[in-house]
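Structure record follows, encoded as structure tokens.
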Amino acid sequence: MKRNGETKRRRNVAEDAGQGGEDPAMWENLDRNFRQVQSVLDRNRSLIQQVNDNHQSRMADNMSKNVALIQELNGNITKVVSMYSDLNTNFSSAFHGGKSGHEGGSSGTRAN
């Protein structure tokens, strides 16, 4: 499901990549990293909906399932914080410290 803002952001990334001396690989890397973050955030949205549905059902089995769902949600929040930290580091390095910030990828983060 593509959102209007996501389509606009991708178009802007593509336009920026083609302008005067900008590094297209850096923009592609940032775009890929943002898509990974969005994937985890979308999963979190789904987890929260499942937790709410289970809670509203008031069934013991569903309530016990919430423990694992909330643990996954907590882990995903930690993952998103780490991914944003890596994005910040890579972006800052690309603009302030040369091109080293966009090579290879992020360290130790991945989307599920």
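The values are calculated or read from the model by the stated rules, or taken from the named source; none is laboratory data. Bear in mind the structure is a predicted one, so any value in this text is a computation, not a measurement. Positions of Cβ are backbone-derived with ideal geometry, glycine not excepted, and every protein chain shown enters the neighbour counts. The protein model used for the area step is the full one, side chains on, heavy atoms only, and it has no ligands, DNA or RNA in it. Shrake-Rupley method; radii C 1.70, N 1.55, O 1.52, S 1.80 Å.
Residues that are open to solvent by 90 Å² or more (accessible area, probe 1.4 Å) and of a type outside the set (A, V, I, L, M, F, W, C) were ranked within segment 79-95; the one that is farthest from the chain's Cα centre (by Cα) is ASN88. Within segment 31-59, being under 16 Å from THR78 (Cα atoms), β-branched (Val, Ile, Thr) and crowded, with 16+ Cβ neighbours inside 10 Å holds for VAL37, VAL40.
Each row is one residue, and each column tells you yes or no for (1) on the phi > 0 side of the Ramachandran plot; (2) modelled with pLDDT under 80.
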residue: ASP16; (1), (2): no, yes
residue: ASN62; (1), (2): no, no
residue: LYS99; (1), (2): no, yes
residue: GLY105; (1), (2): yes, yes
